[in-house]
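Novice: Once you've had a glance at the structure underneath, I'll fire off some questions.
The values are calculated or read from the model by the stated rules, or taken from the named source; none is laboratory data. As the structure is a prediction and not an experimental result, all values here were calculated from the model. Virtual Cβ from ideal backbone geometry, glycine too; neighbours counted across all protein chains shown.
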């Protein structure tokens, strides 16, 4: 049984169909990348998993159970955490307050403390700046905070929407290294990215989504070698 | 076991002790002022102004919870003040209690009735956001006033008379101190932070697993309860209430004071009310030589709002707080 299964998922914004029946499987412990161009339906897929938008057809199974009739806030206590596009931090709260708020669904005080110390060991920068307002952090630090907040919800599955957006290549590398680390410690990750090169490097498997349909899928190494992926995302090789 | 023992002791922290001392000082001074007023040492007119200020601060600070911290534009605050005023007045008139129980039950009852009504309204209202929410709350304000106007039992449009006088400056000061203690603790608790997070990024706070509608309704209910408390104080101070005084004109006045002081700042609510009230009273005295000019004040009040919006969008205080209102940062 897969941890997350999307079966023939169809989503539309008004009359315009954004997803035409996509099927995706994520196994426990995997890091899966979802690649695609602008407007292909990557973010829509994540938003429909965290129940932010209504679903026309198809089913979403988490841990074998359908989550179609749950609302967005109920999803979190199941163990799915979504880091939205643009990070979604709260600028006028401090770093610490941002983190503490995110443990809203976690009742066990010891667990909160444990998660907090784990986050601070992965992101020492956040500990240095914990009393600073989140709005004053740099872009990279804000992304770290967003990932840290997802970890505070004590999630089994982390949905990440373009964590590389607006970051320098060096910072992207750092963030992706941390994501791999988090994945290695047992959290399943579904990663939406435009930066195909970086995303496939750390991923186990990948899906390529085009105009709301799955165009390609397979192990990450295969996709990296695939001619079509190369042409679409890495640019044509010069001869 | 050891941990439990330590928690069981739970000594009062230095910060709370400071707050308690501050409030005690405020209440003692208020009692002193009230006494001086009673023996005629301070002009009754000044006592009256202070009393009105106190009630308005309760109204403005509670609306601040919605418009400032939660970031939703609610336009029906005077309606809940009206519900509180009428329910408080009815309790005071008909239950026939001696002074202190009467005062207590009319204030607590008013707050509860307003809160319950707000909760029910909130169940409908918070399906919407933004402009729609503003229009719906304004609509409920009008409905509440119209309903009261059409109930003959409470005097209809003529108003309700014969309310025993139980409120004076000192009582208002006690309620004000209570209001600020509750609001300050709320705003700096996880709930307050959550309301701020809803204001700053609704989707992100929903993705933390928070039932947004319930949390919004909680803020709405609390704000309305305090509006009801202020209404009940008002009714037992004026001894006469009529529905007209709780329509959208009053809501606008509360909004002017709130935005003058600054949304999202408890200090701003105090400052806004004080500055607005003093300005209006000075204008009244300045224009007194010609009774026709006194009405000009009503033009000047909305003018103030326009000038604030053009020059200081964030009000006098912005989001800053006076130091004595902030709880001390924990030493971590």
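Novice: I'm told residue B:198 meets every condition in (1) under 20 Å from the mean Cα position of the chain (by Cα); (2) within 14 Å of chain A (Cβ to nearest Cβ); (3) farther than 30 Å from residue B:20 by Cβ except one. Can you identify the failing condition by its number?
Specialist: If we test residue B:198 against (1) under 20 Å from the mean Cα position of the chain (by Cα); (2) within 14 Å of chain A (Cβ to nearest Cβ); (3) farther than 30 Å from residue B:20 by Cβ, just (1) comes out false.
Novice: Moving to a separate point now. Provide a single number: the residues in the range B:183-208 that are part of a loop (DSSP other than H, G, I, E, B), free of Cβ contacts under 8 Å to residues at least 40 places away in the same chain and surrounded by fewer than 23 Cβ atoms within 10 Å (Cβ to Cβ). So that I can check it myself, show each step before the final result.
Specialist: Within the range B:183-208, the first condition is being part of a loop (DSSP other than H, G, I, E, B), and the residues that meet it are B:188-189, B:201, B:207-208.
Narrowing the set further to residues that are free of Cβ contacts under 8 Å to residues at least 40 places away in the same chain leaves B:189, B:201, B:207-208.
Okay, now just the ones that are also surrounded by fewer than 23 Cβ atoms within 10 Å (Cβ to Cβ), so B:189, B:201.
The qualifying residues number 2.
Novice: Got at least one residue in the range A:24-33 being facing chain B (nearest Cβ under 9 Å) and modelled with pLDDT of 90 or more? First the steps, then the outcome.
Specialist: Here is the first cut: in the range A:24-33, the ones facing chain B (nearest Cβ under 9 Å) are none.
No, that holds for no residue.
Novice: Considering only residues that are surrounded by fewer than 22 Cβ atoms within 10 Å (Cβ to Cβ) and in contact with a helix residue (DSSP H, G or I) (Cβ under 8 Å, 6 or more places away or on another chain), which ones fall in the range A:33-50?
Specialist: The one that is surrounded by fewer than 22 Cβ atoms within 10 Å (Cβ to Cβ) and in contact with a helix residue (DSSP H, G or I) (Cβ under 8 Å, 6 or more places away or on another chain): A:37.
Novice: Taking residue B:118, is it in contact with a strand residue (DSSP E or B) (Cβ under 6 Å, 6 or more places away or on another chain) and either buried (at least 23 other Cβ atoms within 10 Å of the Cβ) or not in a helix (DSSP H, G or I) (or both)? Please lay out each step first, then the result.
Specialist: Working: in contact with a strand residue (DSSP E or B) (Cβ under 6 Å, 6 or more places away or on another chain): no; either buried (at least 23 other Cβ atoms within 10 Å of the Cβ) or not in a helix (DSSP H, G or I) (or both): yes.
The answer is no for residue B:118.
Novice: Here's a follow-up. Considering the range A:48-71 alone, what residues qualify as being within 13 Å of chain B (Cβ to nearest Cβ) and more than 22 Å from residue B:215 (Cα to Cα)? Before the answer, list the steps.
Specialist: Pass one, the range A:48-71, residues within 13 Å of chain B (Cβ to nearest Cβ): A:49-53, A:70-71.
Within the range A:48-71, A:49 is the sole residue that qualifies.
Novice: While we're on this one: Residue A:74 is checked against (1) in contact with a strand residue (DSSP E or B) (Cβ under 8 Å, 6 or more places away or on another chain); (2) within 14 Å of chain B (Cβ to nearest Cβ) and fails just one. What number does that condition carry?
Specialist: Looking at each condition in turn, residue A:74 falls short on (1).
Novice: Residues in the range A:160-181: is at least one under 20 Å from residue A:33 (Cα atoms), within 13 Å of the chain's Cα centre (by Cα) and within 14 Å of chain B (Cβ to nearest Cβ)?
Specialist: Looking through the range A:160-181, at least one residue is under 20 Å from residue A:33 (Cα atoms), within 13 Å of the chain's Cα centre (by Cα) and within 14 Å of chain B (Cβ to nearest Cβ).
Novice: When you scan the range B:240-328 for helices (runs of 4 or more DSSP H) that lie fully inside it, which ones turn up with 3 or more residues that are in contact (Cβ under 8 Å) with a residue 60 or more places away in the chain and surrounded by 18 or more Cβ atoms within 10 Å (Cβ to Cβ)?
Specialist: Of the helices (runs of 4 or more DSSP H) lying wholly inside the range B:240-328, those with at least 3 residues that are in contact (Cβ under 8 Å) with a residue 60 or more places away in the chain and surrounded by 18 or more Cβ atoms within 10 Å (Cβ to Cβ) span B:248-261, B:266-286.
Novice: Of everything in the range A:85-101, what is facing chain B (nearest Cβ under 9 Å), at pLDDT 90 or above and either farther than 13 Å from residue B:196 by Cα or not in a loop (DSSP other than H, G, I, E, B) (or both)? Give them in sequence order.
Specialist: Within the range A:85-101, A:96, A:97, A:98, A:100, A:101 meet the criteria.
Residues are listed down the side, and each one gets a yes or a no for (1) touching a helix residue (DSSP H, G or I) at 6+ places or on another chain (Cβ under 6 Å); (2) more than 14 Å from chain A (Cβ to nearest Cβ):
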residue	(1), (2)
B:193	yes, no
B:213	no, no
B:220	yes, yes
B:226	yes, yes
B:244	no, yes
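Novice: Do we have any residue at all in the range A:169-185 that's within 24 Å of residue B:209 (Cα to Cα) and either outside any helix (DSSP H, G or I) or without any contact (Cβ under 8 Å) to a residue 12 or more places away in the chain (or both)?
Specialist: So far as the range A:169-185 goes, yes, one or more of its residues are within 24 Å of residue B:209 (Cα to Cα) and either outside any helix (DSSP H, G or I) or without any contact (Cβ under 8 Å) to a residue 12 or more places away in the chain (or both).
Novice: Would you check which residues across the range A:102-115 are more than 7 Å from every other protein chain (Cβ to nearest Cβ), within 23 Å of the chain's Cα centre (by Cα) and not in a helix (DSSP H, G or I) and list them? Walk me through it before giving the result.
Specialist: So the first thing to find is which residues in the range A:102-115 are more than 7 Å from every other protein chain (Cβ to nearest Cβ), and the list is A:103, A:106-115.
Next, from what is left, pick out any that are within 23 Å of the chain's Cα centre (by Cα): A:103, A:106, A:111-112, A:114-115.
A:103, A:106, listed by residue number.
Novice: Can you name the helices (runs of 4 or more DSSP H) wholly within the range B:1-102 that have at least 2 residues being within 28 Å of residue B:247 (Cβ to Cβ) and at pLDDT 95 or above? Give the derivation first.
Specialist: Numbers: elements: B:2-9, B:14-38, B:44-64, B:77-94.
Helices (runs of 4 or more DSSP H) meeting the threshold: B:44-64, B:77-94.
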